[in-house]
Structures are given as C-alpha cells and as structure tokens.
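Structure record follows, encoded as structure tokens.
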Amino acid sequence: MAADTIRTLVVDDSEFFAQMTAETLTEEHDMEAVAEHSGTDALSRLADEEFDCVVSDYEMPEMDGLTLLRAIREDDPTLPFILLTGRGDEETASAAIAAGVADYLLKLEVVEDKQYGRLANRIESVVGQDRTRRKFESLVENSPDGIVQVATDGTILSSNRAMAARLDRDTDSLVGEHLTDVMDPTAARRRVAAVRQAVETGETQELEDSVSGRHYQTQFVPVESHRQRDTVQLVERDVTERVARERELERQNERLEEFASVVSHDLRNPLNVAQSAVELLEPRDETETDLLAKVDRSLTRMSEIIEDVLTLAREGRTVDDPERVTVEALATEAWAWVETGDATLSVTADATILADATRVHDLFTNLFRNSVEHGSTSSRAGSDDGVEHNDESVAIEVGSLPCGFYVEDDGVGISTSENVFEMGESSGDGTGIGLAIVWQVAQAHGWSVGLTESESGGARFEFTGVELAD
C-alpha cells in the first residue's frame, strides 16, 4: 500500500450497500476501503486500526451516524467524517454541521444514481484538507518561533511549545488566558491592538519591539475559520541576536568612518605640506639632490599607504544595499584601470550577482595588479608585493564557480602556508595592503575567499557564498 493511499471505513447497517461502497472505492478509486455494519463494530475497528476517513449512514439501529461521530470524537477530535443521510432537510444538515461532520451527502444519490465518483471526490477532499492541517500543525508545534492563536479581545485559544516556554508556562495552561495576564502589560496591549487591526483590515500586521531586554519581530495573520469569533495567528520571532549584530556593525562602520577621517585629514594635510616644501627646495650639490630624491620617494610611499588605508577602511563597511551586476562587466572595467603591459585577461564568468560594484571593482584591480606587476611569483603575500618580477607576460582568467567566481593566473604562485590576507605582508615595493583589501571586500559581502593553486601552478583565488541575482 502506498504511503498516500486513503484508508476509509464505510459504516452502514445494510451489508449490501456497505460492501458495494467499500469494493467500489477500492477497485475503481485507488482507496483501501473496508466495511462494518454497525456503530459498535466500527468503534472496535477504529480502536485497532488507523483510518483516514469514516463514511457512515445516518439512520442505523442502536447507534445512528451522529451518535457514532460523537463517540469517535471522544478519542479523535479531528478524524474526517462524512455522513450519508436519507433526508435532505435543513434540520438534518444543521445537526450534522453542528456535530462536526466534514461533509454530508444524500444516500439516495450514491445508491440510485451510483455516484461513487462523487463520494470518492468528497473523501479525497476532506482527507487532503486534514493531511494539510496536520502538516501545518506539526510545523507550528515544532517551530522555534512562538505561535499563539488569539481572539480579537486578546484571549489565547492555543499555543505552541516555543511560546509556552517563552512565557514560562505550559501550552494547556495558556488556553483561555489573556495576553495581558501572561506578558508585560505594555507589550500585551500593543499586541492586542495589532490583533484588532489585523481582523478589521483582513491584512497581516507587523510589529517590532523590545520586551524585558529581548527584541521581537511579530506578525499578526488573520485566520479564516469556523469559529464563532474572529481569530489571528500571532507569530513572534526573537531577533535579539540579529539586532545586536546590526548595532555592532553600525558601531564598526562609525569607527571606520572616524578612522578614515583621521587618515584623510590629519595625515594627508601635513604630507601635502611636506611634498610642497620638497618641490620648492633647490639642491646645491649632488648630495642634496640625492637626499631630496630619497625624501620625495618616501613621501610618495607615504601617500600610497594612505590611499590604500583609506580604501581598506571603506571596504570594511558591510554591504547593505547590493545591486545587480555582472562579473564579466566588473572584471573588464577593472582591467582597464590597471597598467597591464603584455598581460592578458580572459573572462569566462557570465554570472549576474548582487554586490557593491565599486568595492568589487577594487577587489579585481588589486588581484589583477598582483598578477600583472609581479606575475604572482612571490612565495609570500601581497597585492602589489612580490620578491621578484616576472619578465614573461602573465595570463589571467576570471571564471564561474557554482556559488561564486574565481580569479587565477599562470604565474609561479603564492605560498598558501602563510596568512596571505594579513596587512603588511609585502616583500617588495608594495604597501602590503592589497590582499587585505580583497579580504575586506569579500567579508563585507558575506563571501568566503580562499587561495589555492591554479592548474598551471599560478595563484587561484576562489570566492564562494556569492548571492546570485534571480
């Protein structure tokens, strides 16, 4: 028997009708149906076996269909129950609905018109609804979010375990309580107001607030039900850790802004003064000429370091407003900003990603410069660092990964035994900040970056965890 096969119990005091109905449902409608000929026998069968639905005649001796339903409900409040009635009057229909039947049909339509297909459709419908309900209830019960069903006046009708634990109660004891009785009164009043708003508008309401030092994001979803009063499903998520991270990122960005301001103003201004003074000096002999040249080179070096530090500070800010950009366009544009010499670039990546274009531009330029200026020959790290320069031109490739992209070259490579992304790792004339900038750009986007060896023995930087645009 397939896992989704519907098991149906047919109950009727007419042995012929019960057997005919069960056999037809089994043979023609892919169900597993069995027959019983009295309410007592049906209850015994239900005690021993699992069924998805009960189809019962209404008028039976000893125990009629509604009496059978009430007996079933004592053990199983939700088992789908379809009533077959010989009378189509409103009184019978009203009694059936009040008793909690899932559906009801005129028995004559099934018997005389042989509408077993209609009965089968009704069974499939009510069982499908019940299975969906059970899945939903399982998700609610096991959800880490606190979930309660609330009436318009704020009375709790049901609760899952997560909410009960959050309120330091058990699920049963919460039923019938008012929100103001089990949580902070001010927070409860805000929630009651949102519940009423959701009922009045028929639209989901949202609320973010703090309760007892914890931060919560709460949704109020109107629920259509057969209850006599309107209800709302209150779904509450604890976002305290997320809020703490956001605030820490804000503080970090503020510190980076302050740092960039100090570097830009307090260092660059005196540097500009020094450079201007050097330009005005006129050396009197060869010795002074050499000294001025050394000073000028040192000041230029300081200027380069300041520019790289400013870039590093900017790249450290978290990306919070990414845009759709293509890897191909970013790489091609960055290539135009680098003095490439005889080096070549091949871009095979065709992905569209969500990123900060300016910062990814800086990522590519630093990687390209590392390969072009030094052929990735350094056994140590650096973006514009390297022990020796490679006279042979280097070939660089930008390609796609399942969740990102890579940049590789065919140079001698970079040693992976050291932390190549540490600031200051420079063995040549570079500032030793380039790969730190690459790392910062990746981290700001939430990407992972790794260094490995390309097939030709060069350096290969892989970026994963990249968010692809739809």
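Every read-out reported here was derived from the displayed coordinates using simple, explicitly stated rules and does not represent laboratory data. Since the model is a prediction, treat every value here as computed from it, not as a measurement. We place every Cβ from the backbone using ideal geometry, glycine too, and count neighbours over all the protein chains shown.
Across the chain, Cα pairs under 8 Å and at least six residues apart give a relative contact order of 8 percent.
With viscosity set to 1.567 mPa s at 4 °C, what whole-number translational diffusion coefficient in µm²/s follows for the range 94-177 from Stokes-Einstein and a Kirkwood radius over Cα pairs?
82 µm²/s
Using DSSP, restrict attention to beta bridges with both residues in the chain and report what percent are antiparallel, rounded to the nearest 5. Bridges in the chain are about 70 percent antiparallel. Going by neighbour counts of Cβ atoms within 10 Å, the residues Val126, Val420 line up, fewest first, as Val126, Val420. Between amide H atoms placed 1.01 Å from N, distances below 5 Å from Leu401 occur with Tyr406, all of them 5 or more places distant or on a separate chain. For the chain, the longest principal axis of the Cα atoms and the long axis of helix 65-75 meet at an angle of about 40 degrees. Residue-wise HN-Hα couplings along the range 180-193, as the Karplus relation 6.51 cos²θ - 1.76 cosθ + 1.60 with θ = phi - 60° gives them from phi, are 5, 8, 10, 9, 3, x, 5, 5, 5, 5, 4, 6, 4, 4 Hz; Gly and Pro carry x. Only helical runs count toward this figure. For the chain, summing -39,500 (n - 2.57) over DSSP H runs of n ≥ 4 and dividing by all residues gives -14500 deg cm²/dmol at 222 nm. Based on Cα atoms of the chain, Rg over Rh with Rh as the Kirkwood radius reads 1.26.
Per-residue Cβ neighbour counts within 10 Å put Tyr216, Tyr116 in the sequence Tyr116, Tyr216, beginning with the fewest. Computed over Cα pairs, the Kirkwood radius of the range 243-315 leads via Stokes-Einstein (0.890 mPa s, 25 °C) to a diffusion coefficient of 170 µm² per second.
Is the shape of the range 143-238 best called rounded, prolate or oblate, per the rule: a/c under 1.5 gives rounded, else a/b larger than b/c gives prolate, else oblate, with a ≥ b ≥ c the square roots of the Cα gyration tensor eigenvalues? Oblate shape, in that a/c is at least 1.5 and b/c is the bigger or equal ratio.
The share of Cα pairs per 10 Å bin across the range 7-139, counted from zero up to the longest distance, runs 13, 48, 34, 5, 0 percent.
Fewest neighbouring Cβ atoms within 10 Å first, the residues Cys403, Cys53 line up as Cys403, Cys53.
If you take the Cα centroid of the range 1-65 and the Cα centroid of the range 162-186, the two points sit 42 Å apart. The long axis of helix 15-28 is offset from the longest Cα principal axis of the chain by roughly 30 degrees.
Taking 45 Å as R0, compute the FRET efficiency from the Cβ-Cβ separation of Asn253 and Ala99 and round it to 0.05.
0.10
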